[in-house]
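Each remark here refers to the structure printed beneath this line.
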Amino acid sequence: MSAFGGPVPDIRPRRTRGTEAWRRLVAQNRLHTAELVLPMFVREGVREPVPISSMPGVVQHTLDSLKVAVAEAAQAGVGGVMLFGVPEHKDAIGSGADDPDGILNVATRVAVAEAGDALVVQTDLCLDEFTDHGHCGVLDGAGRVDNDASLERYRSMALAQASAGSALLGLSGMMDGQVRAVRDVLDANGHQNAAILGYAAKYASALYGPFREAVQSSLEGDRRTYQLDPANSREGAREAAIDIDEGADIVMVKPASLYLDVLARVAAASPVPVWAYQVSGEYSMIEAAAANGWIDRERAVLESLVAIRRAGADAILTYWAVEAARLIREGNRA
Ligand code: PBG
């Protein structure tokens, strides 16, 4: 008997899979160009874009090449860009981070001027690109990352970034209380409209490896005392809830593809948009396998993105944003 008491029908789910027209019609999730965000690296003191060897196709931009690439992203229909700075000089407190003439703040002004209202210019708010020890915060006398002293630095960075025109501050440092600290200082200084993206569930992942080349990180050791343990999903949900309580406008799960369960869990409970960051290692693994001819590159790229969408991401940070936008516009699907 069937569920409704009638005769058992001849169940044939394949009926709706027979042609691409059918598959397109019944596709439950699809990608949109506007929900892709392109992370971009901008390096101080270089005359030409510098390729990142572990991320084929990705470069450290000059201010000039940044401009061109921002225009290209806008043209492609990409929803936003997330900027990372690579300073020439690093020091213990990451002085370049809140210097109005620091590379990230200069790049932000350039990108905002170029983008206008065509896409949302966003900035990474973290110290690791700017510190000589490579940690996301400042260190105490014993060499440990000092949570509250780091918040002081984040407040100052937040003001510099909002003043430079960043519309969305991406707090990726994983310090406790960072969302509240930054929201308070923004509000107290007339930046009520600057939004906050809390990297709520950011895991201590091996997949950030290529990124460390991209920002020329000097980190020795790891970030396990502040980023989440890959074994924990409940804690990812808790971190997201805390960031939302502290005033995050959007929360992030990162990395994406190895953490789809966390993403689904956060997405099911969140009253604010949930984004996912397809990180450097996710990019490089697919690029490397494709370069060897082991997988179909375009299909793997689109499949990786639609999987993140299916798990519940409202938007995705991906180094393939511009290319994926073109594939989507051409009607390609995973
Ligand atoms: C920290 C930050 C990192 C990434 C984005 N923001 C590195 C880290 O936490 O070690 C990694 C992104 C990627 O791997 O693509 N500023």
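The values are calculated or read from the model by the stated rules, or taken from the named source; none is laboratory data. Note that the structure is a prediction, hence the values are computed from the model and not measured. Because the Cβ atoms are built from the backbone with ideal geometry, glycine has one as well, and the counts that use them run over all protein chains shown. We work out accessible area using only protein heavy atoms, side chains counted, and drop any ligands, DNA or RNA first. Shrake-Rupley method; radii C 1.70, N 1.55, O 1.52, S 1.80 Å.
Which members of region 192-220 meet the condition of being touching a strand residue (DSSP E or B) at 6+ places or on another chain (Cβ under 7 Å), of a type in the set (A, V, I, L, M), modelled with pLDDT of 95 or more and near the ligand (Cβ under 9 Å from one of its atoms)?
Residues of region 192-220 touching a strand residue (DSSP E or B) at 6+ places or on another chain (Cβ under 7 Å): 194-204, 214-216.
Cutting the leftovers down to of a type in the set (A, V, I, L, M) gives us 194-197, 200-201, 204, 214-215.
Those still in the list that are modelled with pLDDT of 95 or more too: 194-197, 201, 204.
Passing the criteria: only A204.
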Of the listed residues (M174, M157), the one being buried (at least 24 other Cβ atoms within 10 Å of the Cβ), under 24 Å from A276 (Cβ atoms), touching a residue at least 60 places away in the same chain (Cβ under 8 Å) and of a type outside the set (D, E) is M157
- Taking the stated definitions as given, is A181 under 19 Å from L127 (Cβ atoms), away from the ligand (no atom under 16 Å from the Cβ), assigned to a helix (DSSP H, G or I) and modelled with pLDDT of 95 or more? yes
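Could we say that R223 is away from the ligand (no atom under 16 Å from the Cβ), open to solvent by less than 40 Å² (accessible area, probe 1.4 Å), within 21 Å of the chain's Cα centre (by Cα) and not small (G, A, S) here?
Working: away from the ligand (no atom under 16 Å from the Cβ): no; open to solvent by less than 40 Å² (accessible area, probe 1.4 Å): yes; within 21 Å of the chain's Cα centre (by Cα): yes; not small (G, A, S): yes.
Judged against the criteria, R223 is not a match.
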With criteria (1) of a type in the set (K, R); (2) in a loop (DSSP other than H, G, I, E, B); (3) out of contact with any His (no Cβ under 9 Å at 6 or more places or on another chain), R223 comes up short on (3)
Reported set for region 32-54 where residues are among the hydrophobic types (A, V, I, L, M, F, W, C), in contact (Cβ under 8 Å) with a residue 24 or more places away in the chain and surrounded by fewer than 20 Cβ atoms within 10 Å (Cβ to Cβ) is A34
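Okay, residues lined up against (1) closer than 23 Å to I52 by Cβ; (2) of a type in the set (F, W, Y); (3) within 12 Å of the ligand (Cβ to nearest atom):
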{"residue": "E282", "(1), (2), (3)": "yes, no, yes"}
{"residue": "A289", "(1), (2), (3)": "yes, no, no"}
{"residue": "S304", "(1), (2), (3)": "yes, no, no"}
{"residue": "R310", "(1), (2), (3)": "no, no, no"}
{"residue": "A313", "(1), (2), (3)": "no, no, no"}
{"residue": "Y319", "(1), (2), (3)": "yes, yes, yes"}
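Condition first: out of contact with any Lys or Arg (no Cβ under 7 Å at 6 or more places or on another chain) and in contact (Cβ under 8 Å) with a residue 12 or more places away in the chain. Now tell me which residues in region 213-224 satisfy that. Steps first, please.
Our first condition is that a residue be out of contact with any Lys or Arg (no Cβ under 7 Å at 6 or more places or on another chain); within region 213-224, this holds for 213-217, 220-224.
Once the filter is applied, which keeps residues that are out of contact with any Lys or Arg (no Cβ under 7 Å at 6 or more places or on another chain) and in contact (Cβ under 8 Å) with a residue 12 or more places away in the chain, region 213-224 yields E213, A214, V215, Q216, S217, E220, D222, R223, R224.
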Please verify whether region 126-149 includes one or more residues that are in a strand (DSSP E or B), within 23 Å of Q60 (Cβ to Cβ) and either open to solvent by less than 30 Å² (accessible area, probe 1.4 Å) or in contact (Cβ under 8 Å) with a residue 24 or more places away in the chain (or both).
-> yes
